[in-house]
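Engineer: Dropping the structure in here first, questions after.
The values are calculated or read from the model by the stated rules, or taken from the named source; none is laboratory data. The structure presented is a predicted model; accordingly, all values stated were derived computationally and were not measured. We place every Cβ from the backbone using ideal geometry, glycine too, and count neighbours over all the protein chains shown.
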Amino acid sequence: MAQLNLTLAGGGSVGVDVTYALNGGYAGRNTEQVQHHIDELAELGIPGPTRIPTMYPLSSTLAIQGDHVQVPHAKTSGEAEWALIVPAHAASPDDYLLVAACDHTDRALEVHGVAWSKQSSPDFLGDVAFRWGDVKDDFDSFTLKAWVTNDGTEELISDGSPALLLSPAYWIEKLGEAGLLKPGTVFMSGTIPMIPGVNQFSDAWRVELTAPDGTTSRVAYTVEVLPEPWE
């Protein structure tokens, strides 16, 4: 069981033992853009979902805090997201927490099944958490950005906001109705678009979720490609 150690934006800290991990997908607020993305993926041989948005249950061990990931080949990359966390002490959804997140995904495996690719690498979670009750009125005003590093040079790869994605309120309602928001649950939001032409298969990823007052939840990690297997 992974444990998260979070600094609260309003002061204090909290530990969360992760019991369940869920990944949202195809979760853009503009459904026409989502369908366009599905069509683009289909041209690459990546199967589309039977419904949108989607949700993929993961092993709880994949939701972590850390600064390094080891991968089997060079075709893996992150995704800029927010994550919703249900702490054990939550008396209501207002006590749920939001952090920056990066869903590292095996793009070669994704061709064979999105659910499989989601199980292949960890979901990295941020250091600072915002209480949902404190930010729900202005969460769309936050920024959500990601940078990649290649050959020592960092470059912006995603530049948007939570307003591009279905809101935490949507997922709190839908996942709550399904009985899936148990204490220790981590839900990943799905990603905002990448900037065309930027190499996503990078040496490092950094994601920041920033409030209007400048308070930032941050994820940063390096990517190590392991040696070829002896087969």
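Engineer: Can you tell me which residues in segment 1-34 are assigned to a strand (DSSP E or B) and of a type in the set (A, V, I, L, M, F, W, C)?
Structural biologist: Once the filter is applied, which keeps residues that are assigned to a strand (DSSP E or B) and of a type in the set (A, V, I, L, M, F, W, C), segment 1-34 yields L4, L6, L8, V14, V16, A21, L22.
Engineer: Right, here's the next one. Tell me yes or no: at least one residue of segment 104-112 is at pLDDT below 95, in a loop (DSSP other than H, G, I, E, B), over 17 Å from E208 (Cβ atoms) and not basic (K, R).
Structural biologist: Yes - at least one qualifying residue is present in segment 104-112.
Engineer: A follow-up question, please. Could you check, for segment 174-181, whether at least one of its residues is surrounded by fewer than 18 Cβ atoms within 10 Å (Cβ to Cβ), in contact (Cβ under 8 Å) with a residue 12 or more places away in the chain and either within 17 Å of the chain's Cα centre (by Cα) or not in a strand (DSSP E or B) (or both)?
Structural biologist: yes
Engineer: Does segment 141-153 hold any residues that are surrounded by 14 or more Cβ atoms within 10 Å (Cβ to Cβ) and outside any loop (DSSP other than H, G, I, E, B), and which are they?
Structural biologist: Across segment 141-153, the qualifying residues are T143, L144, K145, A146, W147, V148, T149, N150.
Engineer: List pairs: first residue in segment 3-30 and under 19 Å from E173 (Cα atoms), second residue β-branched (V, I, T) anywhere in the structure, Cβ distance under 6 angstrom, at least six positions apart or on different chains.
Structural biologist: Y20/T185; A21/V186; G25/T54; Y26/V34; Y26/I52; Y26/T54; G28/V34
Engineer: I've got another one for you. Given the criteria without any contact (Cβ under 8 Å) to a residue 40 or more places away in the chain and either more than 14 Å from the chain's Cα centre (by Cα) or not in a strand (DSSP E or B) (or both), does H89 qualify?
Structural biologist: The answer is no for H89.
Engineer: Right, another one. Six or more apart or on different chains, Cβ atoms under 6 Å: show the pairs whose first residue is in segment 67-82 and under 15 Å from G126 (Cα atoms) and whose second is of a type in the set (D, E, K, R) and not in a strand (DSSP E or B).
Structural biologist: As it stands, the answer is none, since no pair meets every condition given.
Engineer: Tally the residues that are in a helix (DSSP H, G or I) and touching a residue at least 24 places away in the same chain (Cβ under 8 Å), restricting the search to segment 156-173.
Structural biologist: Counting residues in segment 156-173 that are in a helix (DSSP H, G or I) and touching a residue at least 24 places away in the same chain (Cβ under 8 Å) gives 7.
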